[in-house]
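Chemist: Structure incoming, see below.
The values are calculated or read from the model by the stated rules, or taken from the named source; none is laboratory data. In this text the structure is predicted, and so the values were computed from the model without any measurement. So basically every Cβ, Gly included, is an ideal-geometry build from the backbone, and we count neighbours across all protein chains shown.
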Amino acid sequence: MNFQDKKTKKEGGFTIIESMIAISIVLIGILSALILIIRSLALAPLIEDKLIASAVAQDCIERVIQVRNSNYIRSTLGDSIPWDESFNQVKDCHWESENLKRFFASSTNPGIDHIPLDIVDVSTKEKKIGCTVYWKTKGTEYNLTVTDNLFDWGKLYD
C-alpha cells in the first residue's frame, strides 16, 4: 500500500497573479471614474459662465425685439413710426435684471456689465441683430455671440 500524497487534480482558489490582475482591473475602473469626476468639477465654472452669457445675450436681443413689437403696435394704433425706430437706444446692453444680478453674484464670473450690440441693415425690411458677451473664467478669455434677424412685419409681404 502506497500512502504517498499524489495530487491529481488542481485545488480550487486564485493564484497571486489572478488576484493581482483582478485588483488592477478594479483599480483602473475606479481611477477612470475619479478622473471623470475631477474633470467635470473643473469644467463646472466654465459651463456656468456660458449659461449666464447666453442668458445675457438673449436678453439683449429680446430688448430689441420688444422695441420692434412696441413700434408695430403703435403703428397699428395710428402713429406714424418706423418699425426700427429707437433700436439705437438699445445699442449697448447694460445688465439690469435683479434676478440675474443675484445669479451673477453667486457665480465665479467676475461680472458682465456691458455687452456690445450690433445692428446691421440687411434690407429695408430686415435687420440682423448680434450680441457678443465677453468674460473671463480662470484667467482665460471667452466670448459667446447670439444673432437674430428681425423683420418689418407690416411690410413683410409688400
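Chemist: Condition (residue is free of Cβ contacts under 8 Å to residues at least 40 places away in the same chain, closer than 17 Å to Asp152 by Cβ and not in a helix (DSSP H, G or I)) applied to the stretch 58-78: is it met by at least one residue?
Modeler: yes
Chemist: Let me ask another. If you go through the stretch 36-77 one residue at a time, how many are among the hydroxyl-bearing types (Ser, Thr, Tyr) and under 12 Å from the mean Cα position of the chain (by Cα)?
Modeler: 1
Chemist: Sticking with this one: One residue is enough: does the stretch 114-129 have a residue meeting the conditions of a type in the set (Asp, Glu), in a strand (DSSP E or B), surrounded by 13 or more Cβ atoms within 10 Å (Cβ to Cβ) and at pLDDT 85 or above?
Modeler: Scanning the stretch 114-129, I find at least one residue that is of a type in the set (Asp, Glu), in a strand (DSSP E or B), surrounded by 13 or more Cβ atoms within 10 Å (Cβ to Cβ) and at pLDDT 85 or above, so the answer is yes.
Chemist: Identify the residue in the stretch 131-149 that is over 17 Å from Leu51 (Cβ atoms) and at pLDDT 90 or above and, among all such residues, is surrounded by the most Cβ atoms within 10 Å (Cβ to Cβ).
Modeler: Ranking the qualifying residues of the stretch 131-149, first place goes to Asp148.
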